[in-house]
Amino acid sequence: MRLALISLSTEVSAGDGPVGMLPLFDATIVERQVCSARNMGAEKIIFLSPAMHSGLLQYTDSLVQQEIDVEIARNVSDLGQYASDEDDLIFLSDGIFPDQSIEAHLSKQSSELIYVVVNAEEYADFERIDLGHRWLGIALVKAERLSEISQIPDDWDIGSALLRTAVQSECRREVLSDDDLQSDAVTQVLNADAAITYQNRRIGKVRLSKQNFLDRLVSWPLMRKTLPFLWKRPNSKKYLGIGSIVIGLSAIALAVLDWPVVALVFLLIGSVSMQMRKRISIFSTLDENYGPISPLFCVMVAIVLTVSVLRMSPAEALFGNLTVLILFFGNLWMVHSAPDNLRLDWVKPNISLILIIFIVASGFGFFSIGLYFAALFCLAYLVVAQNDRWLLSVPQNSSK
């Protein structure tokens with residue numbers, strides 16, 4: 001059996017709880033650690049916490065409700081009742097979590113292993129083993145080592161004690177490079193400022209695909225500034241989803257009341273909210289199942305556009321506009337389903353860009369022109385993208 005021992009011994013400040021309860025994206029550090037431990041094959045989670053903080057107790061109860069085997073241990077003597085000598089033990093120190101490559105590597109390991117970095121001044125926050133290495137707070141050891149350290153004093157750190165026994169037995173060391181740590185192969189977050197720095201650094205490295213010029217130049221730069229505030233609120237994703245549906249329903253009501261331009265503006269706000277809801281899950285450790293909210297919002301967009309055509313089209317042009325609207329829906333769906341084309345992403349139609357076209361055209365009293373332009377825009381993208389893929393697939397004659 002493989003166990004995970006996650007240290008929650010270091011507190012942010014007296015009485016404020018362990019550093020593991022600090023917010024990190026849309027979860028806490030300890031949630032990120034638990035997710036990492038389970039990715040490494042841990043069947044049981046043990047939190048090492050000398051104090052029983054209310055936040056930790058609530059989180060433990062939530063894991064139990066998810067049918068995850070979890071316990072809280074105060075000291076090394078408590079650990080003995082949860083582990084047998086045959087078990088493997090993954091240890092994660094306070095505020096430490098690895099990236100996916102280390103998770104994948106450790107999930108396949110059966111022999112003892114510790115992760116280290118060279119002993120240098122920039123890594124002074126990590127515990128020094130000897131003149132050559134510092135320990136990165138991640139180890140895979142045999143649970144029998146808990147018996148070896150069972151008599152340590154209460155003021156001695158259990159992680160350090162496990163490390164010492166592993167080093168004395170010449171446990172294998174995996175040395176990470178400076179480049180590995182700069183790319184966050186192992187992350188240490190010990191205070192709120194470090195959490196914010198990590199979040200900003202990670203989001204600064206994000207390179208999103210399928211971005212058109214509107215998203216690249218306007219939407220995404222604004223979202224990057226907003227996301228760190230939303231990450232601190234666990235229910236932000238839910239509220240954004242609910243808000244989008246409420247906005248969509250309001251837009252339908254406004255369109256029926258013959259205020260189509262205002263309805264389109266509402267839809268634009270709702271589409272930005274939906275996009276924010278999706279992107280708040282970047283680096284998320286939580287469930288990324290978006291449910292029916294996104295398809296439901298798309299249906300609302302279709303309803304508002306249909307009502308707008310019925311309200312704003314002259315009688316003699318109504319049939320033609322409805323026909324173009326149906327073609328537009330088909331073209332937009334094909335754009336959404338089309339394979340990626342990196343060279344054309346910057347002009348790829350999406351709901352937000354299409355709504356702006358409708359809003360501008362309607363604002364000047366040319367809704368029908370906006371409808372025709374949107375339909376032709378989607379069609380032109382499909383034609384150019386298909387032609388581009390065909391050209392790329394044609395083998396080039398090699399020069400002799």
Query raised in the report: Which residues, counting only those in the stretch 39-52, are in a loop (DSSP other than H, G, I, E, B), of a type outside the set (S, T, N, Q) and either under 24 Å from the mean Cα position of the chain (by Cα) or closer than 14 Å to Ser7 by Cβ (or both)?
Result: Met40, Gly41, Ala42, Glu43, Pro50, Ala51
**Report entry** Any hit, the stretch 281-292, residues being in a helix (DSSP H, G or I), touching a helix residue (DSSP H, G or I) at 6+ places or on another chain (Cβ under 6 Å) and open to solvent by 20 Å² or more (accessible area, probe 1.4 Å)
**Finding:** no
Query raised in the report: If a residue has to be farther than 29 Å from Thr197 by Cβ and either among the acidic types (Asp, Glu) or assigned to a helix (DSSP H, G or I) (or both) to count, how many in the stretch 77-135 make the cut?
Result: 9
Requested in this report: Answer yes or no as to whether Ser54 is within 21 Å of Leu162 (Cα to Cα), at pLDDT below 90 and either open to solvent by 40 Å² or more (accessible area, probe 1.4 Å) or not aliphatic (A, V, I, L, M) (or both).
Outcome: no
Report summary line: Among helices (runs of 4 or more DSSP H) entirely within the stretch 306-395, at least 3 residues that are surrounded by 15 or more Cβ atoms within 10 Å (Cβ to Cβ) and of a type in the set (Gly, Ala, Ser) occur in 351-363, 367-393
Query - Verdict on Val272 being within 21 Å of Leu217 (Cβ to Cβ) and touching a Pro at 6+ places or on another chain (Cβ under 9 Å) - result: no
Report task. Pick out the one residue from Ala192, Ala185 that is of a type in the set (Gly, Ala, Ser), surrounded by fewer than 17 Cβ atoms within 10 Å (Cβ to Cβ), within 20 Å of Ser7 (Cβ to Cβ) and under 32 Å from the mean Cα position of the chain (by Cα). Result -> Ala192
Query raised in the report: How many residues are closer than 16 Å to Gln100 by Cβ and among the charged types (D, E, K, R) if we restrict to the stretch 174-191?
Result: 3
Query - Matching option when the condition is in a loop (DSSP other than H, G, I, E, B), open to solvent by less than 60 Å² (accessible area, probe 1.4 Å) and of a type outside the set (Asp, Glu), among Ser62, Ser13, Ser36 - result: Ser13
**Report entry** Among (1) touching a helix residue (DSSP H, G or I) at 6+ places or on another chain (Cβ under 6 Å); (2) hydrophobic (A, V, I, L, M, F, W, C); (3) outside any helix (DSSP H, G or I) - the single one Val175 does not satisfy
**Finding:** (1)
Query raised in the report: Looking at the stretch 151-159, is at least one residue among the aromatic types (Phe, Trp, Tyr) and open to solvent by 40 Å² or more (accessible area, probe 1.4 Å)?
Result: yes
Query raised in the report: Which is open to solvent by 40 Å² or more (accessible area, probe 1.4 Å) and either part of a helix (DSSP H, G or I) or modelled with pLDDT of 95 or more (or both), of Leu240, Leu217, Leu254, Leu267?
Result: Leu217
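The values are calculated or read from the model by the stated rules, or taken from the named source; none is laboratory data. All of these numbers come straight from a predicted model, not from anything done at the bench. Virtual Cβ from ideal backbone geometry, glycine too; neighbours counted across all protein chains shown. When the accessible area is computed, the model is the full protein with side chains, heavy atoms only, and any ligands, DNA or RNA have been set aside. Shrake-Rupley method; radii C 1.70, N 1.55, O 1.52, S 1.80 Å.
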